[in-house]
1. Quick one: how many residues across the range 55-75 are more than 16 Å from ligand 2 (Cβ to nearest atom) and within 23 Å of Pro13 (Cβ to Cβ)?
2. Which condition from (1) surrounded by fewer than 23 Cβ atoms within 10 Å (Cβ to Cβ); (2) under 27 Å from Ala78 (Cα atoms) is the one that Arg390 breaks?
3. Among the residues of the range 145-161, which ones are in contact (Cβ under 8 Å) with a residue 40 or more places away in the chain and either open to solvent by less than 10 Å² (accessible area, probe 1.4 Å) or within 16 Å of ligand 3 (Cβ to nearest atom) (or both)?
4. How about the range 1-25: which of its residues are surrounded by 15 or more Cβ atoms within 10 Å (Cβ to Cβ) and either out of contact with any strand residue (DSSP E or B) (no Cβ under 9 Å at 6 or more places or on another chain) or more than 21 Å from Pro407 (Cα to Cα) (or both)?
5. Yes or no: the range 253-274 includes at least one residue that is within 17 Å of Ile349 (Cα to Cα), open to solvent by 10 Å² or more (accessible area, probe 1.4 Å), touching a strand residue (DSSP E or B) at 6+ places or on another chain (Cβ under 8 Å) and part of a helix (DSSP H, G or I).
6. Does Val41 meet the test of being at pLDDT 95 or above, open to solvent by 10 Å² or more (accessible area, probe 1.4 Å), out of contact with any Asp or Glu (no Cβ under 7 Å at 6 or more places or on another chain) and away from ligand 1 (no atom under 16 Å from the Cβ)?
7. Is it the case, given these coordinates, that Val49 is closer than 15 Å to His326 by Cα and more than 16 Å from ligand 1 (Cβ to nearest atom)?
8. How about the range 87-115: which of its residues are among the polar types (S, T, N, Q) and surrounded by fewer than 22 Cβ atoms within 10 Å (Cβ to Cβ)?
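The values are calculated or read from the model by the stated rules, or taken from the named source; none is laboratory data. Computed from a predicted model, the values in this text were never measured in an experiment. Here the Cβ positions follow ideal geometry from the backbone for every residue, glycine too, while neighbour counts run over all protein chains shown. Remember, those area values only see protein heavy atoms, side chains included, never the ligands or the DNA or RNA. Shrake-Rupley method; radii C 1.70, N 1.55, O 1.52, S 1.80 Å.
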Amino acid sequence: MTILVKNGVVVSPTGAITADVLIDGERVVALLEPGTTRLGVDLEATADVVIDARDKYVVPGGVDSHTHMQMPFGGTQASDTFETGTRAAAWGGTTTIIDFAIQRTGERVLDGLAAWHEKADGNCAIDYGFHQIIGGVDDESLKAMDELVSEGITSIKLFMAYPGVFYSDDGQIVRAMQTAAANGSMVMMHAENGIAIDVLVAQAIARGDTAPRYHGLTRPWETEEEATHRAIMLARMTGAPLYIVHMSAKQAVATLAAARDDGWNVFGETCPQYLYLSLEEHLSAPDFEGAKYVCSTPLRSRAEGHQHELWKALRTNDLSVVSTDHCPFCMKEQKELGVGNFAKIPNGIGGVEHRMDLIYQGVVDGHITLARWVELCSTTPARMFGLYPRKGVIAPGSDADVVVYDPNATTRISVDTHHMNMDYSAWEGFEVAGRVDTVISRGSVVVRDREFVGPKGHGRYLKRGQSQYLL
Ligand code: URP
Ligand code: ZN
Ligand code: ZN
């Protein structure tokens with residue numbers, strides 16, 4: 001089947017050109033000056049499907065490199081399955097996710113990976129890959145890290161938080177980083193000082209400070225900055241590449257930026273919730289409403305200027321990627337587990353559907369350029385995690401993951417209209433400029449005319465190569 005996406009403005013990190021995009025089967029085969037014939041053939045007359053993208057942007061499908069579909073966590077399970085979550089992602093113009101397979105202390109890494117394949121296989125609307133959480137660094141899991149690379153899993157996540165669940169001590173981190181440095185894996189780090197946080201949490205609960213906002217107040221910026229600094233130092237000692245996930249504190253970002261300025265191979269991501277939502281307006285909402293916004297790292301104070309600094313860091317490339325950390329829980333029976341004790345609220349916010357729109361709003365608001373939008377949401381995550389140039393770019397030979405984006409329409413976000421399996425939206429009432437118009441995933445139209453038309457189980461597992469950011 002051939003598809004011609006005609007007359008659109010094709011955006012890449014190097015800029016924008018008006019072009020027709022020709023797709024044959026699962027791949028992009030050509031970018032052409034609008035209206036040109038190819039070897040004497042009138043493409044518009046011969047293409048099976050013609051999509052008119054005049055006055056619209058044509059961008060590479062979004063790559064969300066941080067999601068948690070049906071993840072068991074906090075005494076419950078993330079409410080999106082691979083089926084519902086990847087469908088919602090497609091609605092929002094994301095055509096690739098990288099989810100986290102989990103190994104907990106005492107479990108075998110490859111068993112955790114097998115369980116994740118079982119959850120995802122045949123259920124995804126879009127293509128997907130996995131990172132591997134190593135929740136118990138020992139001789140066996142270190143050995144398994146080499147096997148992961150041949151399985152296409154070239155990044156691991158370690159936790160400096162959540163003692164007793166996923167936590168690694170500094171010695172374990174050093175050993176895992178040494179292994180990663182040797183086998184070419186990227187180390188992703190949840191950088192919060194979990195030992196200190198657990199003391200502050202216990203003290204708050206003992207004082208009777210049990211409302212959701214204390215989740216944020218017991219995870220002050222110092223716990224993120226200290227862990228970020230320590231992770232960078234350990235990476236320097238071991239020669240491992242380091243990618244710090246879900247950064248929210250401006251001080252932690254400043255520490256990352258200083259290390260990058262010094263030439264160290266360290267990277268950071270942030271997420272839309274840290275750019276728009278805050279401790280004051282959201283996490284502190286009364287009547288347990290703040291539970292909707294409990295995630296870690298926590299939302300930060302607007303008055304302290306974190307959001308402003310995060311946008312700046314995205315502009316200057318101190319931060320390299322925007323992911324969602326999509327980890328949805330319903331209020332009913334899930335977030336409610338923490339009524340009377342914020343420490344029992346499952347940590348996470350759902351947003352896989354809204355990242356492209358929310359970051360496009362950053363273009364409209366003058367924080368970043370159009371080209372940077374594509375770079376942050378698609379091209380860099382593909383490069384960072386060994387998917388480029390298959391994903392992250394519209395070029396001959398790339399997978400035909402293409403989004404037609406309408407800058408003249410608007411999106412109003414609401415639980416009534418979103419497609420994630422959640423009984424609330426953290427973005428309720430947000431009006432954003434721009435709207436996803438048409439989504440093509442590996443040559444199949446999956447969203448068109450406000451309808452999901454993708455075949456079930458269309459998404460394939462992506463064996464990833466090494467990060468392009470290894471030295
Ligand atoms: O609150 C969060 N971030 N939940 C998901 C798990 C994690 O640490 O990424
Ligand atoms: Zn994390
Ligand atoms: Zn996460």
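1. If we filter the range 55-75 for residues that are more than 16 Å from ligand 2 (Cβ to nearest atom), which is where we start, we get 55-63, 70, 75.
Retained after the next criterion (residues that are within 23 Å of Pro13 (Cβ to Cβ)): 55-63.
Residues in the range 55-75 being more than 16 Å from ligand 2 (Cβ to nearest atom) and within 23 Å of Pro13 (Cβ to Cβ): 9 in total.
2. All conditions pass for Arg390, except number (2).
3. Met145, Gly152, Ile153, Thr154, Ser155, Lys157, Met160, Ala161
4. Thr2, Ile3, Pro13, Leu22, Ile23, Asp24
5. No.
6. no
7. So Val49 does not fit the description; no.
8. Residues of the range 87-115 that are among the polar types (S, T, N, Q), as a first pass: 94-96, 103, 105.
The answer is Thr105, and nothing else.
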